[in-house]
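For reference, the structure discussed in these notes is given below.
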Amino acid sequence: MAIPKEQLDSVKERVIQIVSQNGAKEEALLQILHDIQADDNSLSEAELLQVARALDIPLSRVYGVATFYSLYSVQPRGKFIIRICESAPCHIVGARAVISAFEEALGIKMGETTTDGKFTLEATSCLGVCGVAPAVMINDEVYGNLTPDKVVEVLAEYDADEA
Amino acid sequence: MEFFRSHVLVCSGANCSLKGSRGVRTAFVEEINAQGLDKEIKVIETGCFGLCEEGPVVVVYPEAVHYCRVDPQDAKEIVREHLAKGRVVKRLLFKGDMELPGVQTWQQMDFYSRQKRVVLRNCGLIDPDNIDEYIARNGYEALGKALSAGPDKVIEVVKKSGLRGRGGAGFPTGLKWDFTSQAPGEQKYLVCNADEGEPGTFKDRLILEGDPHSVIEGMAIAAFAIGASQGYIYFRGEYRLSIDRLRNAIEQAREYGLLGKGILGSGFDFDIDIRVGAGAYVCGEETALLNSMEGKRGEPRYKPPYPASVGLWGKPTCVNNVETLANIAPIILEGAEWYVNIGPKGCPGTKVFTLTGNINNAGLIEVPMGITLREIIYDIGGGIPNGRSFKMAQTGGTSGGCLPEALLDVPMDIDSLEAAGSALGSGALMIMDDTHCIIDVVRCLLQFFCHESCGQCTPCREGTRRLYELIDKIARMEAVEEDVSLIKRLARTMEDASLCGLGQTAPFPILTTMRFFPEEYKAHIEEGICPAGVCNARSHIA
Ligand SMILES: Cc1cc2nc3c(=O)[nH]c(=O)nc-3n(C[C@H](O)[C@H](O)[C@H](O)COP(=O)(O)O)c2cc1C
Ligand code: FES
């Protein structure tokens, strides 16, 4: 599928800047994708193609990396990604109730995004904060010792934020 | 130099931070200023004490009084009572299961007194952001000693110490260094594996946060031994916000001439860069990690060749775990003899464990290898909460074995656990009480492997999915007798034919639970009941 020229042009400058900041080498690809994704939590086809051009490597290679790692997404996602830990240490202290509480409060299922584009619910493997299980990470912010009641409190913190 | 009569150490480890230790620190500073005590008392952020369950943790020196669950109001009370008037705030002391007779220093508490801290020697004692405090506790002395002894001598000491890798595989560290040092080639690399994706493990992060220089010094010594001038720390993507502290530590080491060109006036050059992952458990596997560092998909490589001969960009590379590296400086300083005498023969030293699940003192501990599981759970971990009883412990993380009560006296070291049908792995220790269903938990473990299989080899990609489906079938009470033998055959194939450790060990939890908890499988399959009352005919979506 051809990507419209205006889309390619609109992302070009930013991509080139990020690539050169990171040293324009393939070994920097992971960091480059982190930086590009920082604005809207996802990587568009236009962005990936511009990265491939700037690094002079095949698009398939860039796409392969973008789809391999779970912190990247090539699908549009919400402004806030709620990653709920589903690993065993969280599971046995109530992660499932936390999942249900988020699903209910937001009216979406795991893997979905709210219609206003504000929240995406994702399952994740261990976040490395099992000392405060069950845990979730909302963008870069981690919340621990969650209960269904606390889920409501946590979401209230994001009330003022526009989608 | 300024002199303070008291120091307040506030834990700034990941777990306490999440419980609000930042606000506690601010409250201390404000109240100390308000009371006009700022010339006498210093507030310091320190690394993890280990008692994460009771966080935020605060320790007041010189008395070493340990306060638990401190909130900003409590902090003000500690200033007004303890620091201004010398009256300990008893209500905030650690209670555990019983009332304590009097005020204890933190080293006297059961939780700490039974530990032996080598790797965590500075956690909770120094300010990790200040290299001078590390140096004051003999920091970088081992590096100096290593540089004057020469690479061969360093390798010899590490070999003699018997240190085995703490990343999971338990390979002798000295031998690995020897291989890398002998490998032909001018350019060699040292990589510190801080990917730490094993569920239930958070030790590497807390070591790096609590005492970054212990790892940097270990890396410099390792690099000197193998002949590498460039080192990397591969940090998992989810931890990226705690990188700043590490960057700061590396920067300070450079300023002091402990990294960079001509370290400590020798001819040895070495520097460290940080690389950040992007969320893939398999990248903890050393060859996948190297691919990821090269900017590729984190798929494991075929072995041999091993990284020691063909590693990063094809050059000889030594990959070591964070905890392994944090052991190096003490070994060089105290000698191999000293290290060998800690823990059992064949697997000396200490091990850092992370306690999770249904246990009173969830958190981080360091104990001599070979201490029993029972001691860890009951004497240090404070036992099972809410009056429930112990059902199962999984050692070694998601791919570790699941042990029943009958095996509580197993010594916790690499060889004993293997003999008992489990693994030491990364040191994750998940404790489960009797409200849980084995089948339900194993299903959760297998779901993890479905998610994290990289898809490169068929036995793992397909095997993890089929195993998941089979256990789900058992949980839904739809399984038949033949499914059990199917599971066993499939597990064999995965163990034999998977490319890397992920697929090879994924069947472990299901095999060990079939062995140790056969009645639970039988109840689900033959009688259609879940003894713990967790499973019903409801399906579970992966
Ligand atoms: C699937 C898988 C995941 C692994 N994850 C880690 C990890 O997160 N951290 C780590 O240090 N080692 C991990 N390892 C082990 C590494 O491959 C390697 O053995 C280790 O980093 C070597 O360091 P050591 O000898 O100091 O233990 C993993 C292995 C496998 C098969
Ligand atoms: S298991 Fe959930 S944070 Fe580790």
For this session: With a 1.4 Å probe on protein heavy atoms only, tell me which residues of region B:208-246 lose at least 20 Å² of accessible surface in the complex relative to the chain by itself.
Result: B:ARG236, B:GLU238, B:ARG240, B:LEU241
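Which entries of A:LYS150/B:LYS95; B:LYS203/B:LYS315; B:LYS39/B:LYS145 show an alpha-carbon separation above 31 angstrom in the structure shown? Show your work: numbers first, answer last.
On the way: A:LYS150/B:LYS95 26 Å; B:LYS203/B:LYS315 29 Å; B:LYS39/B:LYS145 38 Å.
From A:LYS150/B:LYS95; B:LYS203/B:LYS315; B:LYS39/B:LYS145, over 31 Å: B:LYS39/B:LYS145.
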For this session: Give the long-range amide H neighbours of B:THR46: residues separated by 5 or more places, or on another chain, with amide H under 5 Å away, using H modelled in the peptide plane at 1.01 Å from N.
Result: B:VAL10, B:CYS11, B:SER12
For this session: Calculate, in nm to one decimal, what B:GLU81 and B:GLN35 gain on full extension: separation in residues at 0.36 nm each, minus their alpha carbon distance.
Result: 15.4 nm
Seminar exercise, completed: For peptide A:119-129, the mean count of other chain Cβ atoms within 10 Å per residue Cβ is 6
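How well do other chains shield peptide B:287-294, expressed as the mean number of their Cβ atoms within 10 Å of each residue Cβ?
Working: counts 0, 0, 0, 0, 1, 6, 2, 5.
Mean partner shielding for this stretch: 2.
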Exercise. Using a 1.4 Å probe, how large is the accessible area of B:CYS535, given in Å² and rounded to the nearest 10?
Worked result: 20
Seminar exercise, completed: Mean accessible area per residue over chain A (1.4 angstrom probe, all protein chains present, square angstrom) is 45
Problem set entry | With DNA, RNA and ligands ignored, accessible area of B:ASP152 (1.4 Å probe; Å², nearest 10) | 120
Exercise. How many angstrom separate the Cα center of region A:21-92 from the Cα center of region B:243-287?
Worked result: 24
Exercise. Just for the Cα atoms in the protein assembly as shown, what are the lengths along the principal axes, largest first, rounded to whole Å?
Worked result: 67, 60, 58
Exercise. Solvent-accessible area per residue for region B:157-312 at a 1.4 Å probe radius, Å²?
Worked result: 32
For this session: Bin width 10 Å, alpha-carbon pairs only: give the P(r) of region B:438-527 as whole percents, running from 0 to the bin holding the largest distance.
Result: 19, 55, 24, 3
Exercise. When DSSP assigns beta bridges and you keep just the ones with both residues in region B:131-339, what percent turn out antiparallel, to the nearest 5?
Worked result: 10
Exercise. So how far apart, in nm, are the two label points at B:HIS7 and A:GLU141 if each is 7 Å from Cα heading toward Cβ?
Worked result: 3.3
For this session: For B:GLU405, B:GLU196, give the ranking by accessible area with the largest first, probe 1.4 Å.
Result: B:GLU405, B:GLU196
Seminar exercise, completed: Residue separation between B:ALA406 and B:SER148 times 0.36 nm, minus their alpha-carbon distance, gives in nm 87.8 nm
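Where does each of B:MET412, B:MET514 land when they are ordered by accessible area, with a 1.4 Å probe and the largest first? Can you show the working numbers first?
Values: B:MET412 0, B:MET514 25 Å².
From most accessible down to least: B:MET514, B:MET412.
Could you work out, residue by residue across B:41-52, how many beta carbons of other chains sit within 10 Å of that residue's beta carbon, and then give the average as an integer?
Numbers: counts 0, 0, 0, 0, 0, 0, 0, 1, 0, 1, 1, 5.
Rounded to a whole number, the mean comes out at 1.
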Seminar exercise, completed: Label model pair B:ALA136, B:ILE274: point-to-point distance (7 angstrom along the Cα→beta-carbon line) in nm is 2.5
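Counting only protein heavy atoms, what percent of the accessible surface of the protein assembly as shown is carbon or sulfur at a 1.4 Å probe? Present the calculation step by step, with values, prior to reporting the outcome.
Details: 13610 of 27310 Å².
The computed percentage sits at 50.
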Exercise. Between the DSSP loop rule and a limit of at most 13 other Cβ atoms within 10 Å, which chymotrypsin sites (Phe, Trp or Tyr not before Pro) in region B:265-338 are left?
Worked result: B:TYR302
For this session: Can you pull the one-decimal nm distance between simple spin-label points at B:LYS345 and B:LYS522, each 7 Å off the Cα toward Cβ?
Result: 4.0
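Counting helices only, and only those DSSP H runs with n ≥ 4, report the 222 nm mean residue ellipticity of chain B as the sum of -39,500 (n - 2.57) divided by its residues, in deg cm²/dmol to the nearest 500.
Working: 22 runs with 202 residues, N = 542.
It lands at -10500 deg cm²/dmol.
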For this session: Report B:GLU133's accessible area, 1.4 Å probe, all protein chains in place, as a number in Å² to the nearest 10.
Result: 40
Seminar exercise, completed: One finds, for B:ARG515 and B:ARG247 with R0 = 51 angstrom and r their Cβ-Cβ distance, a FRET efficiency to the nearest 0.05 of 0.65
For this session: Can you pull out the buried accessible area for chains B and A, both sides counted, probe 1.4 Å, rounded to the nearest 100 Å²?
Result: 3600
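Kindly work out what percent of the DSSP beta bridges joining two residues of chain B are antiparallel, to the nearest 5.
On the way: 25 of 52 bridges.
Roughly 50 percent of the beta bridges in chain B run antiparallel, per DSSP.
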Seminar exercise, completed: With -39,500 (n - 2.57) per DSSP H segment of 4 or more residues and division by the full residue count of chain A, the 222 nm estimate, nearest 500 deg cm²/dmol, is -13000 deg cm²/dmol
Seminar exercise, completed: Cα-based Rg/(2.2 N^0.38 Å) for region B:196-273, rounded to two decimals, is 1.15
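The values are calculated or read from the model by the stated rules, or taken from the named source; none is laboratory data. The structure displayed is predicted, hence computed values, not measured ones. Quick reminder, even Gly has a Cβ in these numbers, built from the backbone with ideal geometry, and neighbours come from all protein chains shown. The accessibility values were calculated without ligands, DNA or RNA, using every heavy atom of the protein model including side chains. Shrake-Rupley method; radii C 1.70, N 1.55, O 1.52, S 1.80 Å.
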